[in-house]
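Colleague: Handing you this structure, nothing more for now.
The values are calculated or read from the model by the stated rules, or taken from the named source; none is laboratory data. Computed from a predicted model, the values in this text were never measured in an experiment. Methodologically, a virtual Cβ is constructed for each residue, glycine included, from the backbone with ideal geometry; neighbour enumeration extends over all protein chains shown.
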Amino acid sequence: MGTLEQAGQYLSDRIRDTPLITCPYGHLELVSPFDPALYPEVLENLPGTESYRELRHHDALLPNGRSARLKFDLLPANIDRLPGSQKTFWHELARQMKSAAVNAAHKEKFAGVLQGIKGRPIKNIKINAFPVLFKDIPGYKITIHPDSPRKAMATLLYLPADESQTHLGTLFHERRPDGSFSEGQGMSFSPNTGFAFGVTPDSWHSVRQMKPDDKPRNQLMIIFYYDRGWIYETLKSARGHLRGIYDQIRGTTTPEEYE
């Protein structure tokens, strides 16, 4: 199952086969979310830094006013900006990450979380997957937070080339009765690993600040949002399409700012 066209089914099987860890909240620690034969192709096809745009967030702001978190939305109009072979690769991988199989596996695994949040049976809860590439650079950090309640689940697939970035994994935290947080268990930012979790008011997590000599922190995140109705979802899709066209015309980041 090492082909690109089977990536969605492969990830779905990994989600179903990985045991749910309940402490400090429900999450999965994923090993080989991509087939090992496919993983090098994912790394080889990562877009160049100039194709990303900045994500403006207070935790990610650098002294020069730029952002230390760059993102590449895996939307058709945005992917169309890439050169030939990269464009073909990411169109297919984005389709795989948004497939019905991937959606169903996540809903099945986190059914208890989703039903607890929405107060209705899982069959009546509709979610939409939004895959996005992130590239974090030195200076990036994110403080302890549970994620937006608009999100149902999130899956983060780590994309380092080697074991030199293991210290850059996400930390899970538990809130104590006095409002402080435990240090929490840390994920290892290792090749072809990752984690998934259901978003709740208690899904606290963070990332330590990256040091000047840290290499860029690449990852593919699949964010699952609760469906907010066809009008909202249509407008959201149209906005993403227009943003991709705008980036194609104007360009996004300046590579020398980040390399």
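Colleague: Can we say E92 is closer than 24 Å to D13 by Cβ, in contact with a Leu (Cβ under 9 Å, 6 or more places away or on another chain) and not in a loop (DSSP other than H, G, I, E, B)?
Modeller: The answer is yes for E92.
Colleague: What residue, of V102, V113, is in contact with a strand residue (DSSP E or B) (Cβ under 7 Å, 6 or more places away or on another chain), in a helix (DSSP H, G or I) and either modelled with pLDDT under 95 or over 26 Å from P160 (Cβ atoms) (or both)?
Modeller: From the options V102, V113, the qualifying one is V113.
Colleague: Still on this structure, please answer the following. Please verify whether L11 is within 19 Å of the chain's Cα centre (by Cα), surrounded by 15 or more Cβ atoms within 10 Å (Cβ to Cβ), among the aliphatic types (A, V, I, L, M) and part of a helix (DSSP H, G or I), treating the condition exactly as stated.
Modeller: Yes; evaluated as a whole, the condition is true for this residue.
Colleague: Could you please let me know if E163 is in contact (Cβ under 8 Å) with a residue 24 or more places away in the chain, surrounded by fewer than 16 Cβ atoms within 10 Å (Cβ to Cβ), in contact with an Asp or Glu (Cβ under 9 Å, 6 or more places away or on another chain) and over 25 Å from A104 (Cα atoms)?
Modeller: no
Colleague: Then there is this: Looking only at segment 1-56, count every residue that is among the hydroxyl-bearing types (S, T, Y) and farther than 18 Å from A111 by Cβ and tell me the total.
Modeller: 7
Colleague: Of the numbered conditions (1) among the aliphatic types (A, V, I, L, M); (2) in a loop (DSSP other than H, G, I, E, B); (3) under 14 Å from the mean Cα position of the chain (by Cα), A161 satisfies every one except a single condition; which is it?
Modeller: It is condition (3) that A161 fails.
Colleague: Looking at this structure, is L28 closer than 21 Å to I142 by Cβ, in contact with a strand residue (DSSP E or B) (Cβ under 8 Å, 6 or more places away or on another chain) and either surrounded by fewer than 18 Cβ atoms within 10 Å (Cβ to Cβ) or modelled with pLDDT under 95 (or both)?
Modeller: It is false that L28 is closer than 21 Å to I142 by Cβ, in contact with a strand residue (DSSP E or B) (Cβ under 8 Å, 6 or more places away or on another chain) and either surrounded by fewer than 18 Cβ atoms within 10 Å (Cβ to Cβ) or modelled with pLDDT under 95 (or both).
Colleague: Here is a further query. Could you say which residue among T155, T143 is touching a helix residue (DSSP H, G or I) at 6+ places or on another chain (Cβ under 6 Å), assigned to a strand (DSSP E or B) and of a type in the set (S, T, Y)?
Modeller: T143
Colleague: Kindly list the number of the only condition in (1) assigned to a loop (DSSP other than H, G, I, E, B); (2) in contact (Cβ under 8 Å) with a residue 12 or more places away in the chain; (3) of a type outside the set (V, I, T); (4) more than 22 Å from H145 (Cβ to Cβ) that fails for P19.
Modeller: Among (1) assigned to a loop (DSSP other than H, G, I, E, B); (2) in contact (Cβ under 8 Å) with a residue 12 or more places away in the chain; (3) of a type outside the set (V, I, T); (4) more than 22 Å from H145 (Cβ to Cβ), P19 violates only (2).
Colleague: Still on this structure, I have one more. Here are P76, P36, P40: which of them is at negative phi and free of Cβ contacts under 8 Å to residues at least 40 places away in the same chain?
Modeller: P40
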